[in-house]
Amino acid sequence: MKKLLSTTFCVFGSLLFAQELNKPALDSLFTYMNREKIGAGSVSILRDGKEIYANSYGNRDYENSLQNNTQTKFRIGSISKTFTATLIMKMVENGKLTLDTKLSQFYPNIINADKITIQNLLQHTSGIQNITSTPSYLEWYLKDISKPEMLAKIDKLTSDFEPNTKEKYSNTNYILLTYILEDISKTKYENLLQKYIIKPLKLTNTKIGSKISNNNNEAKSYEYQNNNYILQPETSMTVPLGAGFIVSTPTDLNTFMNALLNAKILNPTTVSQMKTINETHGFGLFNDKIDNEIGIGHNGAIDAFRSYTFCFEATKFCYSVIQNSNEVNLAVIKNNLFNATYNLKINYPKKVISVKIETKTLAKYTNTYTSTDIPIGISFFVENNTLMAQGDGQPPFALTANNQTNFTFEPAKIEIIFSEDGKTMQMIQNKRTFNFIKKD
């Protein structure tokens, strides 16, 4: 009991004495990252509803040497879902929708539409297959798609489970919620976003994304491969819709998340509903833990963009990070923001250096590997003299070569170790080792 009380005192003591931001430490971190050319992105910290820190690092455009700044706009990926869930709940408050409204009222051709409710869509309990994980997705995600075309694709999707029996993240849910919003309001999502969120909160750098514009201080995204920043293709924003088509800044994201959680957009009862976690997700919200503290918010990924916006300590502190290069694990940056507000150690990332491996060596690994440890196959192929990895139904990613048999993917803390003959492979992630065998 004495040990438990001591531990509890230390936890609350860290909160009690978190009075001043260690701004010099953060300034030093981002000066170092800029000097060493490590990664690219932008950050913001809010305390008690006011921004107390903002900074940026790296380039928004490497081809033209244009640097990121605190006003640079980034694609935020799945954080868009929090905006969409907020708008849906505004429609519920306005009496235009209920959480029990069935999907069949709008789109009866979708599998299990008569069993799926608005709440199931919000909370990822619909069972509808994730359209962005289908094998054909990578064949069409760069092209503009109309609503009838998208619905035709969704109508063909299968169900992963009976509605409301399990939870599984699916972008399809929020694509459908986008259409439902426009159906019941008889106006465009963009207009709803402006009316209920952007204008009331005075968000100056938030909008629906389109083709990335250099002239509008918008960031492109880059895969870090072979010590170079490789420009990535742009997902057509007609594809993810309310599941991932919003562009914003860390400052705007903090402002939005803080306002939402403090019932400045919706009433307190509605916010409480949104924050109630089923298994993993609430309504466009879920939890994150840093140093044993629990926060609430959302993260996102689209192309090579990675984003994060969470509030901690009953919204006293909000942290937002958006990266347009995947060189640095986003967790390193968000943990440093947290550490700076609690006088904890700032951890400096190292520059990722890939060694050159002969193509004939890489060729030994170009096949699909399967495992009895986990139900997933991983395929490897060579692109631009770089070994690429791709899990079943997932987009490919570039591996950093540490030596002829050892490769890493720093953003996800994955280590890949091949046998010298290439017949077996080990994947290490989160201190767990999974054994794979090359398919014949």
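The values are calculated or read from the model by the stated rules, or taken from the named source; none is laboratory data. Small disclaimer: the values here were computed from a predicted structure and weren't measured. Every residue, glycine among them, receives a Cβ derived from its backbone with ideal geometry; neighbour counts consider all protein chains shown. Ligands, DNA and RNA are excluded from the accessible area calculation, which covers all protein heavy atoms including side chains. Shrake-Rupley method; radii C 1.70, N 1.55, O 1.52, S 1.80 Å.
Taking the helices alone, the chain has a mean residue ellipticity at 222 nm of -7500 deg cm²/dmol, built from -39,500 (n - 2.57) per DSSP H run of at least 4 residues and averaged over all its residues. Computed over the chain with a Gaussian network model linking Cα atoms closer than 10 Å, the most mobile of 299, 120, 343 is 343. Start at zero, step by 20 Å, and the Cα-Cα distances of the chain spread as 24, 56, 20, 0 percent across the bins.
For residue 429 and residue 146, a Förster radius of 56 Å and the Cβ-Cβ distance give a FRET efficiency of 0.90, rounded to the nearest 0.05. Residue ranges 276-288, 321-333, 242-254, 182-194 sort as 242-254, 321-333, 276-288, 182-194 when ordered by packing (mean number of other C-beta atoms within 10 Å per residue, highest first). Average projection, convex hull of the Cα set of region 100-195: 6.4 square nanometres.
The label point for residue 114 and the one for residue 202, both projected 7 Å from the Cα toward the Cβ, are 5.2 nm apart.
D by Stokes-Einstein for region 177-335, Kirkwood Rh over Cα pairs, 20 °C, 1.002 mPa s: 126 µm²/s.
Rg then Dmax, both in Å and based on the Cα atoms of region 290-394: 18.5, 55.
Note that the chain presents 45 Å² accessible area per residue, ligands and nucleic acids not counted, probe 1.4 Å.
Could you tell me which of the pairs 211/264; 195/345; 166/275; 81/438 are separated by over 30 angstrom between their Cα atoms in the structure shown? Over 30 Å Cα-Cα: 211/264; 195/345; 81/438.
Pair-distance distribution of region 155-238: all C-alpha pairs, bin width 10 Å, starting at 0; shares per bin in whole percent are 12, 28, 32, 23, 5. Here the calculated FRET efficiency for residue 158 and residue 31, from their Cβ-Cβ distance with R0 = 56 Å, stands at 0.65, rounded to the nearest 0.05. Note on residue 371 and residue 50: the extension gain reaches 110.6 nm, defined as 0.36 nm multiplied by sequence separation minus the Cα-Cα distance. What number does region 80-239 give for Rg over Rh if you use C-alpha atoms and the Kirkwood radius? With Rh from the inverse mean 1/r over Cα pairs, Rg/Rh is 1.00.
Restricting region 332-440 to GluC sites (Glu not before Pro) that sit in a DSSP loop and have at most 12 other Cβ atoms within 10 Å of their own Cβ leaves 358, 420. Taking a cut-off of 14 Å, what percent of all Cα-Cα pairs in region 27-101 are separated by more than that? When every Cα pair of region 27-101 is considered, 72 percent fall beyond 14 Å.
The Rg/Rh ratio of region 395-440, with both radii computed over alpha carbons and Rh defined as the Kirkwood radius, is 0.96. Apolar share of the accessible surface for the chain: 50 percent from carbon plus sulfur atoms, 1.4 Å probe.
Determine, at each q value in 0.14, 0.18, 0.23 (inverse angstroms), the log₁₀ of I(q)/I(0) that the Debye formula gives when each Cα of region 84-144 is one equal point scatterer. For region 84-144, the Cα-only Debye profile gives -0.51, -0.75, -0.96.
Contact order, relative form, for the chain: 19 percent (alpha carbon pairs under 8 Å, 6 or more residues apart, mean separation divided by residue count). Evaluating 6.51 cos²θ - 1.76 cosθ + 1.60 at θ = phi - 60° for every residue in region 424-440, the Karplus couplings come out as 10, 8, 10, 10, 10, 8, 6, 6, 10, 10, 10, 9, 10, 10, 5, 5, 5 Hz, glycine and proline recorded as x. Computed from phi, the 3J(HN,Hα) profile of region 47-58 under the Karplus parametrisation 6.51, -1.76, 1.60 (θ = phi - 60°) reads 10, 6, x, 10, 5, 10, 7, 8, 7, 8, 7, x Hz, with x in place of Gly and Pro. If R0 is 25 Å, the Cβ-Cβ spacing of residue 313 and residue 94 corresponds to a FRET efficiency of close to 0.20.
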